[in-house]
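*Asks:* Below are the structure tokens for one structure; questions will follow.
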Amino acid sequence: MSINAEEISVTASVREIAKRKRSEEAMQEALNSSRTQLKELADTHLAQMEEGRQIAESALRESEEKYRLLLDGIQNYAIFMMDPQGQILSWNAGAERIKGYSADQIIGRNFACFFPPEDIQLGRPEEVLRITAARGRHEEQGMRVRQDGSRFLANLVFTALHDSAGNLRGFSEFSHDLSESKASEVRYRGLLEAAPDAMVVVNVAGEIVLLNVQAEKQFGYSRHELIGQKVKNIIPEGFAERIIADGTRSAAEALAQQIGTGIELIGRRKDGSQFPIELMLSPLDSSEGILVTAAIRDISVRKAAETHLAQMEGRYRGLLEAAPDAMVVVNVAGEIVLLNVRAEKEFGYSRNELIGQKVKNIIPEGFAERIIADGARSAAEALAQQIGTGIELSGRRKNGSEFPIELMLSPLQSAEGILVTAAIRDISVRQKSDEHLARTVGELKRSNDELQQFAYVSSHDLQEPLRMVASYTQLLAKRYKGQLDSDADEFIAFAVDGCNRMQGLIQDLLAYSRAGTNGKVFSEVSAEDALQQALTNLRITIEQSGAVVSHDALPALRTDETQLTQVFQNLIGNAIKYRSAQAPRVHVSATNSVGNEWIFSVSDNGLGIAPQYFERIFVLFQRLHGRNEFEGTGIGLAICKKVLERLGGRIWVESQPEKGSTFYFALPERDEKS
Ligand code: ADP
């Protein structure tokens, strides 16, 4: 073979190789360019993707922000999300405000921390999640605990959150504090605070949902300590039982039985001390079901007063019952607080009918007015004016009949203020006897006047014929003395003597009856002048007896001068007449050491008088001595007694037989008008 062939084949191979090389280069070039193209394409795509992601991301952020802002804007609701186990994932501003935790403090913790410990023990948080997971949504009302430990009643809505594949991804909680934020409740709270009593609002579970400042004060807790607590903590018995439904009745029924009635129970303060309270319940239909508003009044003061009254009653009852009169004790409002059996009898009521009644029912007029204060004076003053004085009023029995009574009031300081004890005496008998007495006195006076008139008229009219008898017997005595026989002389002497005595008697009788009828002429009288006048009238007697009459300084006083002279004259005359063997000595004196009267004395050294006659000698015609011993009619001292009594005075004697007598008489000191 030829080179040519070889050459041809080499040439062909070289060509082939060059061709292959060229195609390889072209391929490489194409590859390179397509790689570049691809890279460019990829880069563009990537850039586009990045841009899209960024746009998507910012959109997402924006919507998340909007969502967060939206949630935070809801201040009245706590809103948060948690994972299927209850771990908290998000937290809004409302949640922070209501529950007290900041987002930093709470995110990552379990929502069980919002439950009260007793609920945690019962497994309530897990139960809530279980129920929500099963039902998709769960709503409840319950107590929740804030970060500071305080409790509040909350309304809560739980929702289960699922992904698109339907797997449970977590939960959300929407909740709000029931004790706040509703306009009606704000108003209601205003009302609560305005109430004078402590007020708590309790739900049918017996938990406190609302309370006022007075309740805080009365029980010594702060609001946060009480909200959510069982009401049993402050009212251990009798309240919760009343509002909680039991097997046989609903809460509404249980409540209906209690509404409005004042229930007396015991309250317990934070410090453990107890005090008596009175409860008034009223139901409140709210969006959260029936709530019960309880007005709680501290009745320790009233209770103490009641015990005090009971004690006092015990103490005074014995006293009251021992009293002989009907007794009632009345307060300043005029209500009867106590009475005794006699009061029941007198007025015809039973005790229970009278206690608490107005005293006006039994003493219609004049009593209540006396003890009730009016504008111008206090009860105490009103009373002070009446105490002890016997006030005559009318009592009224249950049957309507009235009878005259006399009241004696006395005040009684007690814990309840001033009480008035009134002793009530039925004076119908006394009034009758008073009337009887007045009648008798009237009759007596009339008959006495008649008698005086008779004595005066008869003694006056007797004088005339007596004077005739006397003058003719005296004429007989004068003309025929010694001319008849001695018997006749004696008889005539007897007749003359009898006439003289009769004249004396009649004159004294006239003086006696005049002592009663002469009008009182009171003037300023010097007792000394009256005495001098009496001594002048007695001049002959004094001279004949050799009597010595002395006297102290005597006062001037308003009286009847003639009658005072008459008294002196009678007493001094007697002092001289009833003298002993010694020369008569008479002394007159006066003192006003006791009270407002003058006491005069006339003392002598005469015969004296035995004590048993001290009264009798002042009676008309009573004499201790016979006519043979001493002349007299037995009228002188009776006249003195009568005169002095008319002048408002009196007379008496002190004496010892053989030692002498002192006659005393008293006369009142009068002022100008009397
Ligand atoms: P009369 O002196 O007229 O008997 P009185 O009424 O004056 O009546 O006195 C009554 C009686 O009292 C007298 O009878 C006398 O017995 C007694 N009597 C009165 N004054 C005295 C006196 N001073 N001393 C003793 N007896 C007296």
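The values are calculated or read from the model by the stated rules, or taken from the named source; none is laboratory data. Just so it is clear, the structure is predicted and the values come from calculations on it, not from any experiment. Here the Cβ is made from the backbone with ideal geometry for all residues, glycine too, and neighbour counts use every protein chain on show. Ligands, DNA and RNA are excluded from the accessible area calculation, which covers all protein heavy atoms including side chains. Shrake-Rupley method; radii C 1.70, N 1.55, O 1.52, S 1.80 Å.
*Asks:* Out of (1) touching a Phe, Trp or Tyr at 6+ places or on another chain (Cβ under 9 Å); (2) assigned to a helix (DSSP H, G or I), the odd one out for V441 is which?
*Replies:* V441 satisfies every listed condition except (1).
*Asks:* Which residue pairs have Cβ atoms closer than 8 Å, lie 6 or more positions apart in sequence or on different chains, and pair a first residue in the stretch 615-626 that is in contact (Cβ under 8 Å) with a residue 60 or more places away in the chain with a second residue that is open to solvent by less than 60 Å² (accessible area, probe 1.4 Å) and near the ligand (Cβ under 8 Å from one of its atoms)?
*Replies:* These pairs meet every condition: L620/G634; L620/I635; L620/A638.
*Asks:* For V420, state whether it is touching a residue at least 60 places away in the same chain (Cβ under 8 Å) and not charged (D, E, K, R).
*Replies:* On the way: touching a residue at least 60 places away in the same chain (Cβ under 8 Å): yes; not charged (D, E, K, R): yes.
It is true that V420 is touching a residue at least 60 places away in the same chain (Cβ under 8 Å) and not charged (D, E, K, R).
*Asks:* Tell me the residue from L554, L510 that is open to solvent by less than 40 Å² (accessible area, probe 1.4 Å), in a loop (DSSP other than H, G, I, E, B) and of a type outside the set (S, T, N, Q), please. Break it down stepwise before answering.
*Replies:* Values: L510 fails: in a loop (DSSP other than H, G, I, E, B).
Matching residue, one of L554, L510: L554.
*Asks:* Return the residues of the stretch 279-299 that are at pLDDT 75 or above and open to solvent by 40 Å² or more (accessible area, probe 1.4 Å); say none if nothing qualifies. Even if it seems obvious, please write down each step before you answer.
*Replies:* First, the residues of the stretch 279-299 that are at pLDDT 75 or above: 279-282, 291-299.
Within the stretch 279-299, M280, S282, R297, D298 qualify.
*Asks:* Further question: Pull up the stretch 477-489, narrow it to residues that are in a helix (DSSP H, G or I) and over 23 Å from I506 (Cα atoms), then point me to the one that is most open to solvent (accessible area, probe 1.4 Å). It would help to see each step written out before you state the result.
*Replies:* Of the stretch 477-489, the ones in a helix (DSSP H, G or I) are 477-480, 486-489.
Then keep just the ones that are over 23 Å from I506 (Cα atoms); that gives 478-480, 486-489.
On the way: K478: 166, R479: 143, Y480: 93, S486: 90, D487: 78, A488: 20, D489: 45 Å².
By that ranking, first place goes to K478.
*Asks:* Could I ask something else about it? Restricting to the stretch 623-651, and then to whatever is of a type outside the set (D, E) and open to solvent by 70 Å² or more (accessible area, probe 1.4 Å), can you tell me which residue is farthest from S601 (Cα to Cα)? Quick ask: steps written out before the conclusion?
*Replies:* Taking the stretch 623-651 first, the residues of a type outside the set (D, E) are 623-628, 630, 632-644, 646-651.
Okay, now just the ones that are also open to solvent by 70 Å² or more (accessible area, probe 1.4 Å), so 627-628, 641, 650.
Values: R627: 27, N628: 29, K641: 14, R650: 12 Å.
Ranking the qualifying residues of the stretch 623-651, first place goes to N628.
*Asks:* May I ask you to say which residue of N399, N448 is more than 26 Å from the chain's Cα centre (by Cα) and in a loop (DSSP other than H, G, I, E, B)? Before the answer, list the steps.
*Replies:* Working: N448 fails: in a loop (DSSP other than H, G, I, E, B).
Answer to the check: N399.
*Asks:* Right, another one. Test Q452 against the stated conditions and say whether it is touching a Gly at 6+ places or on another chain (Cβ under 9 Å) and modelled with pLDDT under 85.
*Replies:* Numbers: touching a Gly at 6+ places or on another chain (Cβ under 9 Å): yes; modelled with pLDDT under 85: yes.
In short, yes.
*Asks:* If you don't mind, another one. In the stretch 207-225, how many are more than 15 Å from A154 (Cα to Cα) and not in a strand (DSSP E or B)?
*Replies:* Step one: list which residues in the stretch 207-225 are more than 15 Å from A154 (Cα to Cα), which gives 211-223, 225.
Add one more test, that the residue is not in a strand (DSSP E or B), and what stays is 212-223, 225.
Residues that pass the stated criteria total 13.
*Asks:* Could I ask something else about it? Looking only at residues in the stretch 162-181 that are modelled with pLDDT of 85 or more and crowded, with 20+ Cβ neighbours inside 10 Å, which one is farthest from I131 (Cα to Cα)?
*Replies:* By that ranking, first place goes to S175.
*Asks:* Same structure, new question: Residues of the stretch 109-156 being polar (S, T, N, Q) and not in a strand (DSSP E or B), which ones? So that I can check it myself, show each step before the final result.
*Replies:* In the first step, residues of the stretch 109-156 are kept if they are polar (S, T, N, Q); the result is 110, 121, 132, 141, 147, 150, 155.
Across the stretch 109-156, the qualifying residues are Q121, T132, Q147, S150.
*Asks:* Return yes when A515 is in contact with an Asp or Glu (Cβ under 6 Å, 6 or more places away or on another chain) and assigned to a helix (DSSP H, G or I) and no when it is not.
*Replies:* Details: in contact with an Asp or Glu (Cβ under 6 Å, 6 or more places away or on another chain): no; assigned to a helix (DSSP H, G or I): yes.
Considered against the rule, which asks whether it is in contact with an Asp or Glu (Cβ under 6 Å, 6 or more places away or on another chain) and assigned to a helix (DSSP H, G or I), A515 comes out as no.
*Asks:* Please name all residue pairs, on different chains or six or more residues apart, with Cβ atoms under 8 Å, provided the first residue is in the stretch 567-584 and is closer than 15 Å to E543 by Cβ and open to solvent by 50 Å² or more (accessible area, probe 1.4 Å) and the second residue is within 8 Å of the ligand (Cβ to nearest atom) and aromatic (F, W, Y).
*Replies:* These pairs meet every condition: K577/F630.
*Asks:* Quick one: what pairs do we get from the stretch 649-674, first residue within 20 Å of L557 (Cβ to Cβ) and among the aliphatic types (A, V, I, L, M), second modelled with pLDDT of 95 or more and open to solvent by less than 20 Å² (accessible area, probe 1.4 Å), C-beta under 6 Å, 6+ apart or different chains?
*Replies:* Final answer for the pair search is I651/F665.
*Asks:* Specify which of the listed residues (G375, G366) is open to solvent by 70 Å² or more (accessible area, probe 1.4 Å), at pLDDT below 85 and not aromatic (F, W, Y).
*Replies:* Details: G366 fails: open to solvent by 70 Å² or more (accessible area, probe 1.4 Å).
Matching residue, one of G375, G366: G375.
*Asks:* May I pose another question? Only one of (1) crowded, with 17+ Cβ neighbours inside 10 Å; (2) in contact with a Pro (Cβ under 9 Å, 6 or more places away or on another chain); (3) acidic (D, E) fails for E528. Which number is that?
*Replies:* (1)
*Asks:* Within the stretch 199-217, work out how many residues are open to solvent by 10 Å² or more (accessible area, probe 1.4 Å), of a type in the set (A, V, I, L, M, F, W, C) and within 36 Å of the chain's Cα centre (by Cα).
*Replies:* Residues in the stretch 199-217 being open to solvent by 10 Å² or more (accessible area, probe 1.4 Å), of a type in the set (A, V, I, L, M, F, W, C) and within 36 Å of the chain's Cα centre (by Cα): 3 in total.
*Asks:* Continuing with the same structure: In the stretch 450-473, which residues are open to solvent by less than 100 Å² (accessible area, probe 1.4 Å), under 18 Å from I639 (Cβ atoms) and without any contact (Cβ under 8 Å) to a residue 40 or more places away in the chain?
*Replies:* Listed by number, the list holds a single entry, S458.
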